[in-house]
Amino acid sequence: MGYVGSRMRRLEDPRLLAGVGHFADDEERPGQLWMRVVRSPVAHAVLGAVDVGDALKLSGVRTVLTGADISVPPIPVRVSPDPGDLSAYLQPVLARGHVRYVGEPVAVVVADDPYLAEDGADLVAVDYAELAPVRDARAACSPGAPQLFCRQPNKVATLTASFGDVAAAFRTAAHVVEVDAVIGRQTAVPIEPRSLLAQWDEARQSLDVWGATKVPHFNRHAIAKALGIPPSRVQMHRCDAGGGFGVRGELYPEDILVAYLARLLGRPVKWTEDRAEHLVAVNHSRDQAHRIAGAFDSRGRLLAIRDEIWHDNGAYIRTHGLTVPELTVSMLPGPYRMAGFEATVHVAVTNKTPCGTYRAPGRYEGTFARERMLDVAAAKLGIDPVEVRRRNLLGPGELPCDRSLRALGTDIILDEGDYPELLERALTASGYRSWAREARAHRRAGRLVGTGVAVFLEKSGLGPYEVAEVQVDASGGIHVTVGGTSFGQGIETVLAQIVADALGVCPGQVSVIAGDTEMLDDGVGSWASRSTVVGGSAVLRAAEATGALARQSAAVLLDADPADLYLAHGRVTTASPGQAESGHVVASVTLGEIAAALADRPVRADLPRGPLGARREFTVDHMTYPYGVHLAQVELDPGTGGIEVLRYFVAYEVGRAINPATVEGQLVGGALQGIGGALFEELAYSPEGQPLAASLIDYLLPSAREAPEVVTLVTEDHPSASNPLGAKGAGEGGITAAGAAIANAVSDAVGTPGAPTRLPITPERVCQLIVASSGVSAARQAVRPG
């Protein structure tokens, strides 16, 4: 019926736009209590006495717990390469012995309402013997640096990825270009902060939790282990969620604490974080320093890349382990041809909030470093920045390409695509050449206008599997459950479109429940741009099996051969839709009637067993690799240092777009997040380790005023062969190259190919660039003949 590929409106939007969505903070239970976390105000200290006496005296305070009162495992690693034992660096649920960052949980107060809980938290007195903080990854690994952990070095691991003879390539290169690139510390800021509610049932010895997103089945097992009960006794219930972007839905100390306290007190316990908590408690990300070098021949062909990276992971290793640094090195070659590659990343702990993933983790950072290096090389070699990319992009005849690298436990084998073609299509569709001419004209008139290009490679569709179930009820309603979760990406609509085509119904007849462990006992979750690629494939398999069962059952009910039956418009018929329209005699039965007949099996013993539905698992052992192009035009204000993004364009090869409108929405939203990271967002720290962005007054987000119109080109020329949908993920391509494209445009505007090399490009840094470029221009003028 052609719903897959159509631009239908999102099914979840009516309830969300009408204000009747149901979020975690909307959940209430009779007799519920409220939890407040007491957080460390210092970055590094020996933790002394924690006096809870005054807090317990406050009327309405039910209990106060410290690290000495609770014995549960630390926050576990969910996904990571295996560099060795990370257990010494894992975060305790409540601090013991030491605190290692501002915001670390030290105690929890539970009271009758949130205001009493906050008052009680203010009465907890903690003795801190402050120690010198470490706030830089390179410094953390220097001799004499303060140590965060006893008998453990600050350098957690060193990861290396390589192929080819890099030394030979650099030895014979006609040109070597080296760039120092720094990506500042950032985090995701979903519109809805985290909220959790846990309720313990003493009679059933079971726990119900509301508010989990992203990976509820993993969190279920971790909570069950912490409480010492079977996972089957823990149910994670779905709620609407106001965004995730990598940081929301991972297992944090608060997830364990809410569950622990609900069982301890025998009453529901709720916790909702405020924005100040969010900025110091959820995973931070980025915060990398690169020294990247490219070796080129005399024609500007890239021979090899070498990169040394310092990754600041904050105070602990959390659920992502070393995933971000691994993705940084393994994905850094991008879509380019080269004979050799070597990247080394040093992972260090510092006295900052721990790090994890944030949309396009590792790729945003690596793309910025690589694409800045290519622009510097273009200037040094006297080649147009677009041309240097043309000369070095892998061609369609070179794909698939085995990089001899690994990421997330899989081999990196770049799949179907045509990178040069997409670059040319992007340049044409955007009118980029006219942007560049316009920018040059403006610069001649004294305005600081520039253009920038960046090409990137993404990854999506990580396995190992996903589970889905499709059931049809007697009214003809179709119910889909899947292990992925919904937090704004449109998964309910996309999965309904897949099922609608497979079963010949309208998407409005399909309801999707994502990420509820009571409805589906197994699943992997929504992360790594896998919801459609892996989850959608599982849903397709379950829907196809349901359709096959419907035909088999209808064959009995209609006394027909299953091969002669057609499934369309919610019916199984003995004639195709075309035959029915031409007057053929048609016998038919609806899906609802089939479901009712299967439910009435004692009457029709000749029917297949079981309800009308199926559960299927889709497995995959490698990822897909979508790719794209970002183009930007910016203007700098020399008086204020402000940057206005005048034009922005994203081209993206998605394999197959189940719903082109949702793909475009992902690209536009991602680009705006990426522009925020390029120009505004930075979690800076003082020398004492105090966060300098503890509210949205200081952690600046782009508003509608700063947001340009983002134009997109979505292509479907190279479907993936790794899944039955042909899809490649679309959740991260909008952000991946934004920092690189903006920085390249700023460099073009001020005429300094070697800068900027640090994100975000704040007004202060812009003013420094302008002063530096003026000095360079004056020096050139002074040495000009005559």
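The values are calculated or read from the model by the stated rules, or taken from the named source; none is laboratory data. Note that the structure is a prediction, hence the values are computed from the model and not measured. Ideal geometry is used to build each Cβ from the backbone, glycine not excepted, and the neighbour counts take in all protein chains shown. For the accessible areas, the whole protein counts, side chains as well, though only heavy atoms, and no ligand, DNA or RNA atoms are used. Shrake-Rupley method; radii C 1.70, N 1.55, O 1.52, S 1.80 Å.
Here are a few things to note about the model shown:
- Residues of region 627-644 satisfying the condition of being buried (at least 17 other Cβ atoms within 10 Å of the Cβ) and either in contact with a helix residue (DSSP H, G or I) (Cβ under 6 Å, 6 or more places away or on another chain) or hydroxyl-bearing (Ser, Thr, Tyr) (or both): Tyr627, Gly628, Val629, His630, Leu631, Ala632, Gln633, Val634, Leu636, Gly641, Ile643
- Residues of region 489-517 satisfying the condition of being farther than 20 Å from Gly665 by Cβ, open to solvent by less than 10 Å² (accessible area, probe 1.4 Å) and touching a Lys or Arg at 6+ places or on another chain (Cβ under 9 Å): Gly504, Gly515, Thr517
Residue by residue, here is whether (1) surrounded by fewer than 23 Cβ atoms within 10 Å (Cβ to Cβ); (2) more than 30 Å from Gly669 (Cβ to Cβ); (3) at pLDDT below 95; (4) basic (Lys, Arg) holds:
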position: Leu196; (1), (2), (3), (4): no, no, no, no
position: Arg204; (1), (2), (3), (4): yes, yes, no, yes
position: Gly228; (1), (2), (3), (4): yes, yes, no, no
position: Ser232; (1), (2), (3), (4): yes, yes, no, no
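- Only one of the numbered conditions (1) surrounded by 19 or more Cβ atoms within 10 Å (Cβ to Cβ); (2) free of Cβ contacts under 8 Å to residues at least 60 places away in the same chain; (3) over 28 Å from Ala693 (Cβ atoms) is not met by Ala95, and that is (3).
- Residue match in region 153-176 (condition: open to solvent by 50 Å² or more (accessible area, probe 1.4 Å), within 30 Å of Asp69 (Cα to Cα) and assigned to a loop (DSSP other than H, G, I, E, B)): yes
- Just one of the numbered conditions (1) open to solvent by 10 Å² or more (accessible area, probe 1.4 Å); (2) assigned to a strand (DSSP E or B); (3) in contact with a helix residue (DSSP H, G or I) (Cβ under 7 Å, 6 or more places away or on another chain) is not true of Val668: (2).
- Enumeration of residues in region 631-662 that are assigned to a helix (DSSP H, G or I) and either of a type in the set (Ser, Thr, Tyr) or within 23 Å of Glu371 (Cβ to Cβ) (or both): Thr662
- For region 52-73, filtering for residues that are buried (at least 16 other Cβ atoms within 10 Å of the Cβ) and among the charged types (D, E, K, R) leaves 1.
- Failed criterion for Pro76 (all others in (1) open to solvent by 60 Å² or more (accessible area, probe 1.4 Å); (2) closer than 17 Å to Ala259 by Cβ hold): (1)
- Identity of the residue in region 347-387, more than 23 Å from the chain's Cα centre (by Cα) and free of Cβ contacts under 8 Å to residues at least 60 places away in the same chain, that ends up surrounded by the most Cβ atoms within 10 Å (Cβ to Cβ): Asp384
- Members of region 440-461 that are out of contact with any Pro (no Cβ under 8 Å at 6 or more places or on another chain) and open to solvent by 10 Å² or more (accessible area, probe 1.4 Å): Arg440, Ala441, His442, Arg443, Arg444, Ala445, Gly446, Arg447, Thr451
- Region 507-540, residues that are touching a Phe, Trp or Tyr at 6+ places or on another chain (Cβ under 8 Å), in a helix (DSSP H, G or I) and among the β-branched types (Val, Ile, Thr): Val534
- Which listed residue, of Val449, Val480, Val470, Val455, is outside any helix (DSSP H, G or I), at pLDDT 95 or above and more than 30 Å from the chain's Cα centre (by Cα): Val449
- Pair list, Cβ under 9 Å, 6 or more apart: region 458-479 residue farther than 13 Å from Ser537 by Cα, other residue of a type in the set (Lys, Arg) and part of a loop (DSSP other than H, G, I, E, B): Glu458/Lys728; Ser460/Arg530; Ser460/Lys728
- Of the residues in region 541-563, none is closer than 22 Å to Cys239 by Cβ, part of a helix (DSSP H, G or I) and open to solvent by 30 Å² or more (accessible area, probe 1.4 Å).
- All conditions in (1) over 35 Å from the mean Cα position of the chain (by Cα); (2) buried (at least 20 other Cβ atoms within 10 Å of the Cβ) hold for Trp34, with the sole exception of (1).
- Of all residues in region 508-530, those that are over 17 Å from Phe245 (Cα atoms), β-branched (Val, Ile, Thr) and touching a helix residue (DSSP H, G or I) at 6+ places or on another chain (Cβ under 8 Å) total 3.
- The number of residues in region 98-121 being outside any loop (DSSP other than H, G, I, E, B), open to solvent by 20 Å² or more (accessible area, probe 1.4 Å) and touching a residue at least 12 places away in the same chain (Cβ under 8 Å) comes to 5.
- Filtered residues of region 609-627 (kept if assigned to a strand (DSSP E or B), of a type outside the set (Val, Ile, Thr) and in contact with a Pro (Cβ under 9 Å, 6 or more places away or on another chain)): Phe618, Tyr627
- Considering residues of region 180-189 that are part of a strand (DSSP E or B) and open to solvent by less than 10 Å² (accessible area, probe 1.4 Å) only, the residue nearest to Glu681 (Cα to Cα): Gln186
- Close Cβ contacts (under 8 Å, 6 or more residues apart or on different chains) running from residues in region 403-425 that are farther than 17 Å from Phe456 by Cα to residues that are open to solvent by 20 Å² or more (accessible area, probe 1.4 Å) and of a type in the set (Val, Ile, Thr) comprise Leu408/Val79.
- Here Glu326 fulfils each of the conditions (1) open to solvent by 10 Å² or more (accessible area, probe 1.4 Å); (2) farther than 18 Å from Pro81 by Cβ; (3) within 21 Å of the chain's Cα centre (by Cα) apart from (2).
- The C-beta contact set for region 262-285 (first residue touching a residue at least 60 places away in the same chain (Cβ under 8 Å) and open to solvent by 50 Å² or more (accessible area, probe 1.4 Å), second residue among the hydrophobic types (A, V, I, L, M, F, W, C) and in a loop (DSSP other than H, G, I, E, B), distance under 7 angstrom, 6+ apart or interchain) comprises Arg275/Leu696; Ala276/Ala694.
- Condition check for Leu713: over 18 Å from Ala538 (Cα atoms) and open to solvent by 50 Å² or more (accessible area, probe 1.4 Å): no
- Region 424-439: number of residues that are open to solvent by 60 Å² or more (accessible area, probe 1.4 Å) and more than 21 Å from Ile735 (Cα to Cα): 4
- Failed condition for Glu192, given (1) modelled with pLDDT of 95 or more; (2) part of a loop (DSSP other than H, G, I, E, B): (1)
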